[in-house]
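Accompanying notes for the structure given below.
The values are calculated or read from the model by the stated rules, or taken from the named source; none is laboratory data. What you see is a predicted model, and the numbers here were worked out from it, not measured in a lab. Cβ coordinates were reconstructed from backbone atoms using ideal geometry, including for glycine residues, and neighbour counts include every protein chain displayed. The protein model used for the area step is the full one, side chains on, heavy atoms only, and it has no ligands, DNA or RNA in it. Shrake-Rupley method; radii C 1.70, N 1.55, O 1.52, S 1.80 Å.
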Amino acid sequence: MTNKDLADVIFPNITKTIADYEKMYPERKIEEGASVTRFAPSPTGFMHLGGFFQAIIDKLIAHSTDGVFFVRNEDTDQKREVEGATELIMNTLSHYDLLPDEYEFKGKIVGEYGPYIQSERKEIYQTFIKHLIEIGRAYPCFATKEELEELRNAQEKIKMRTGYYGRYARDRNLSVEEAIKRIQSGEKYVIRFKSMGDFEKKFKFMDEVRGLLYLPENDEDFVIMKSEGGLPTYHFAHLVDDVLMHTTHVVRGEEWLSSVPKHVELFETFGYPLPKYVHTPLIVKKEGTSVRKLSKRKDPEATMRYYEEQGYPKTAVIEYLMTIINSNYEEWHTENPEKAYLDFTFNPKKMAASGGALFDMEKLNNISKNCISKMTKEELLEESYAWASKYNPTLKEIIDRDKNYYMSILNIERESAKPRKDITTYQDILANIWYMYDDLFEKEDTYEFMKVTDKEEINKITKTYMDKYYSVEDDKDTWFTKVKSLCDELGYASNMKEYKINPEAYKGSVTDISTVLRVSLTKKAQTPDLYEIMQILGRDKMIERFEKLS
Ligand code: GLU
């Protein structure tokens, strides 16, 4: 009996050959030098920040060469699969305008190299595995969990490297007859790769991020198919899919770097050239003085949902991640403010490799503030309305009352050389505008008066102001000159310098007068430009609010 008999016993229904699949997945018809990248998440119910980070890089690489970016759903670990996970991934990519060129979603396949869901490619993997068995480079392994555990313990005891390799790879020497007999008697098994590597030898490996590395050859007979008739492991699916889909750049987390020797041996065994590998750094955060991996259990900011829910503009999230992706991005962006981030040329050498990429919330917040400050009122209306419709019914209801009124409030200190920067996320909007709406104004109990708190004095100030100094026609300079005149009339210093030299000579200064006007109208001590607030409120409403304090 031969290996071929063994292969036929294991895969009686596999009749195609590798050559058949090579014909079905021919070279792509793309320009020479065009890159093919893929984002290959496992459907675990989360879109991790690190995964999203990789998707941006995939898109950048493909975009800069007019290549192809596709999404492959890596669902071979069906125990971990979560309902709706693929939807979540596709929705997130779509939210950030990162939809791939090829994908499979809700039964629809877009692209010629599918299926793009691994569980639908079982027959393809099995064809490749069958070939390995036929040439004696893969075999069924009957070791039970307990036996493997025993092996591990024994290796640890004598301080040997643990694993199923070399003389510890017991079942690699089973005769074909015996293997077939055990399969036919119903024993459970997995398929392992038969390694020819030597752990003592090193080979050169080019990582696009880290440069040239010397790695030990693989000598492990690692599992390539998880159970009889089952799905392949990640290592094997990576080989088959990235070969047939003609991936040129594998962008994946650095946790896969230690598996490179396995992948190299697989590619060599089949005689396929290796793709380029971009192993992205772990995203880490500072905690006290130490640094640790962002964890999806402990850190809400580890999943992409967080940024959407909090109301970060998508441009801010991408721009922030771009600053981690390449250390020279910020400089490029400052020099090319009009260009889209996709025009930036990604350079893997300019990505943090050792020690991870530090996630800095403060920086994200700053970028976000800037992004929002640069939006026009129309853009901010559109974006914040879309957000509020999903996450903040109160804000949505307020916008629905009168979109133009809402925009006029947002437009205070906007569209100018020094726009306001008091909004970090859409979540902050309500806290910055509520006082412009009568019902919300009513609901708030506290007036944040500062120095001047005496009711009579406050009334005197506001009444004198309305009677003698306020006019809706005034431009900003005239408005301010009149506020100063009000100061002079009531014994407050209109000139701050003079006030500082001789504070006893005055009841207070122009700052205190402005505060009285501001707080009486908004209840808040800090607001954007008071002149603009008055313009929007108008005379009647101002009098109404001033009178509430009398
Ligand atoms: N499914 C793998 C993961 O989620 C993908 C790794 C890769 O991109 O090759 O880690």
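Couple of notes before you dig in:
- Remark: spin-label model distance VAL82-LYS390 equals 1.6 nm, labels positioned 7 Å along the Cα→Cβ axis.
- Reachable aspartates and glutamates, given that their alpha-carbon falls under 16 Å from the alpha-carbon of LYS497 and they are not under 8 places away in the same chain: ASP488, ASP512
- As a ratio to 2.2 N^0.38 Å, the alpha-carbon radius of gyration computed for the chain takes the value 1.37.
- Ligands, DNA and RNA excluded, the heavy atoms of TYR492 present near 10 Å² of accessible surface to a 1.4 Å solvent probe.
- Within the straight-line cut-off of under 26 Å between alpha carbons, the lysines reachable from LYS202 are LYS159, LYS194, LYS262, LYS276, LYS349, sequence neighbours fewer than 8 places apart in one chain being disregarded.
- Residue order for THR446, THR522, THR44 - accessible surface, 1.4 angstrom probe, largest first: THR446, THR44, THR522
- Cross-link partners of LYS443 among lysines (Cα-Cα below 16 Å; sequence separation of 8 or more within a chain): LYS523, LYS524, LYS548
- Rounded to 10°, Cα long-axis angle of helix 145-157 versus longest principal axis of the chain: 80 degrees
- Compared with the dominant Cα axis of the chain, that is its longest principal axis, helix 85-95 is turned about 50°.
- For the chain, the 222 nm mean residue ellipticity estimated from helices alone, with every DSSP H stretch of n ≥ 4 adding -39500 (n - 2.57) and the total spread over all residues, rounds to -13500 deg cm²/dmol.
- Rounded to 0.05, the FRET efficiency of the ASN404 and HIS95 pair, given R0 = 22 Å and the Cβ-Cβ distance, is 0.20.
- For segment 1-66, the Kirkwood hydrodynamic radius comes to 15.9 Å, computed from all pairs of different C-alpha atoms.
- Where N is the number of residues in segment 424-533, Cα Rg divided by 2.2 N^0.38 Å: 1.14
- Length gained when the stretch GLU504-SER550 is fully extended (0.36 nm per residue, less Cα-Cα span): 13.8 nm
- Cβ-placed point charges (K, R +1; D, E -1), dipole of segment 19-123 about Cα centre in debye, nearest 20: 200 debye
- Separation of alpha-carbon centers, segment 60-79 and segment 253-319, rounded to whole Å: 14 Å
- The magnitude of the dipole of segment 374-511, with charges of +1 and -1 set on the Cβ of Lys/Arg and Asp/Glu and taken from the Cα centre, is near 440 debye.
- Between the helical axis of 510-522 and the longest alpha-carbon principal axis of the chain there is an angle of about 70 degrees.
- Stretching the chain fully between GLU378 and THR345 yields a gain of 8.8 nm (0.36 nm per residue, less the alpha carbon separation).
- Simple point charges give the picture: +1 on the Cβ of Lys and Arg, -1 on the Cβ of Asp and Glu, and for the chain a dipole about the Cα centre of about 1280 debye.
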